[in-house]
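Everything on this sheet refers to the single structure shown next.
The values are calculated or read from the model by the stated rules, or taken from the named source; none is laboratory data. Just so it is clear, the structure is predicted and the values come from calculations on it, not from any experiment. Cβ placement follows ideal geometry from the backbone for every residue including glycine, while neighbour counts extend to all protein chains displayed.
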Amino acid sequence: MISRLDRAITKLYEAFHNNTLNPECCKQCAVGNILDHTDAWKHLSDAHGSLNLNYVGVVHERLGRRFNGYTPLELLQIERTFLQSCGYKLPLRRHSNPDKVVSKQDMFEALSDTVAFLCHLDGAQNVMDYSKFFEFIDDKPVHQLQFA
């Protein structure tokens, strides 16, 4: 069985490379992509980017409801991480970030932060952390790159 972390990373990877990642669209943002381009999650809070569950969100949270493996609060945390890393002022409102342009590099960095947060939620090592490849002892690398 594929873990929620693997599914989420795969969906974000595909969205990034297929240009279907849009921070301002609830179906194409980080959580929208994780939830298969649905917008049901937006009813869990009153503001995009907020960590405050509304009545509907609290009910789902207390019932133990999960969306593709994630609790309502986890979804809000994932989206907030993504939006903040894109440079948005939160909560995101229609005119709170006029003419905001997110470059492909900004999007990559936001996804890196989001994946790191997803790994943190699951207690997994950050798959985006490549710093271990630059560790050395006595001028020799600690880790070797493996090529197929």
* To do: Would you check which residues across the stretch 15-55 are acidic (Asp, Glu) and closer than 21 Å to residue 122 by Cα and list them?
  => 36
* Pull up the stretch 61-108, narrow it to residues that are without any contact (Cβ under 8 Å) to a residue 12 or more places away in the chain and under 18 Å from residue 9 (Cα atoms), then point me to the one that is surrounded by the fewest Cβ atoms within 10 Å (Cβ to Cβ). => 105
* Asked: Would the stretch 42-55 turn up any residue that is out of contact with any Lys or Arg (no Cβ under 8 Å at 6 or more places or on another chain), of a type in the set (D, E, K, R) and surrounded by 14 or more Cβ atoms within 10 Å (Cβ to Cβ)?
  -> yes
* To do: Only residues that are within 13 Å of the chain's Cα centre (by Cα) and either among the hydroxyl-bearing types (Ser, Thr, Tyr) or modelled with pLDDT of 95 or more (or both): list them for the stretch 30-53, please.
  => 30, 31, 32, 33, 34, 35
* So which pairs qualify, if the first residue must be in the stretch 130-148 and under 23 Å from residue 112 (Cβ atoms), the second must be polar (S, T, N, Q) and modelled with pLDDT of 70 or more, the Cβ gap must be under 8 Å, and the two must be at least 6 apart or on different chains? -> none
